[in-house]
Amino acid sequence: MNLVFLGPPGAGKGTQAALLTKQYGVPQISTGEMLRSAVQQQTPMGLEAKRHMDSGALVPDEVVVGIVEERLAAADCVNGFILDGFPRTVAQADALSVMLRKSGKEIEHVILFDVDTSVLLERIVGRRMCRKCGRGYHVCFDPPLEAGKCDECGGELYQREDDQESTMRKRLEVYEAQTAPLKAYYSTGGLLRSVDALGAIQDVYGEIQKIVGRD
Ligand code: ADP
Ligand code: ADP
Ligand code: ZN
């Protein structure tokens, strides 16, 4: 199950990746989560990434490509991976294709989260993340059993610094300019599959299961 999730911020990529991981044991590779953890640990890479992330811009390609290459080489990726939030530029997509070819792997499907921009803001501003395990929630659409506390691990829930209306607008512009061209890129390669990401979480999951053929 070698999957790439493509879609604007707030479309539901992380939520769906976590469901697939839970059911099939294939790792979710979220570049956003990996970068946030580097920021938290204040590594040199984290400090550089933070400047870009806080403003809603992308972190330079070399940085994320390096992280992903290392992560894909880990033992738990032998049976597959879900790339959640990578690639985000054509240069990253080219780099991914080179690194997969080198290791004898290929992308099975690129799943495009088709969503109307109008729902993204309410999804993003209501998003909460677990500090310990990184699981995402939504205050209305996917609330934890106990407010402020992760169902999975009991960790504290927090709101991401970049999940504000002002940064959101910039992230959407960046998506349109730099990431949306990947639709044509993967459509040409015959890999693109679309899901209606406006539906409820379980309905979107049902569509993805049909695509991956393991329902
Ligand atoms: P992405 O990883 O694409 O940025 P997330 O999976 O983090 O998006 O989802 C953004 C927010 O919207 C989260 O708070 C999540 O709980 C919520 N969410 C995800 N999918 C849906 C859905 N289908 N309907 C309503 N809310 C959703
Ligand atoms: P979202 O869930 O809103 O799509 P992510 O958690 O995937 O956001 O990413 C948060 C931030 O991390 C991005 O705004 C960007 O600054 C940085 N980032 C994550 N993935 C990449 C990537 N593949 N290329 C460049 N920057 C990235
Ligand atoms: Zn947790």
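The values are calculated or read from the model by the stated rules, or taken from the named source; none is laboratory data. Computed from a predicted structure; not experimentally measured. Heads up, the Cβs are rebuilt from the backbone with ideal geometry, glycines too, and the neighbour counts pull from every protein chain shown. Please note that ligands, DNA and RNA were not included when accessible areas were found on the heavy atoms of the full protein model with its side chains. Shrake-Rupley method; radii C 1.70, N 1.55, O 1.52, S 1.80 Å.
Numbers at a glance
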read-out	value
Glu33 being near ligand 2 (Cβ under 8 Å from one of its atoms) and modelled with pLDDT under 95	yes
Considering residues of segment 31-55 that are touching a residue at least 24 places away in the same chain (Cβ under 8 Å) and closer than 23 Å to Asp94 by Cα only, the residue nearest to ligand 1 (Cβ to nearest atom)	Gly32
Looking only at segment 187-207, and only at residues there that are closer than 24 Å to Leu19 by Cα and part of a helix (DSSP H, G or I), the one that is most open to solvent (accessible area, probe 1.4 Å)	Gln202
Ala17 vs. criteria at pLDDT 95 or above, within 13 Å of ligand 1 (Cβ to nearest atom) and farther than 22 Å from Thr188 by Cβ	yes
Cross-chain or 6+ apart pairs with Cβ under 7 Å, segment 129-151 first and of a type in the set (A, V, I, L, M), then more than 9 Å from ligand 3 (Cβ to nearest atom) and part of a loop (DSSP other than H, G, I, E, B)	Met129/Arg160; Val139/Gly126
Some residue of segment 87-103 being touching a residue at least 60 places away in the same chain (Cβ under 8 Å) and more than 25 Å from Pro60 (Cα to Cα)	no
Evaluation of Glu122 against (1) within 16 Å of ligand 3 (Cβ to nearest atom); (2) free of Cβ contacts under 8 Å to residues at least 60 places away in the same chain (one fails), failing number	(1)
Enumeration of residues in segment 157-183 that are open to solvent by less than 60 Å² (accessible area, probe 1.4 Å), part of a helix (DSSP H, G or I) and under 29 Å from Met1 (Cα atoms)	Arg171, Leu172, Val174, Tyr175, Thr179, Pro181, Leu182
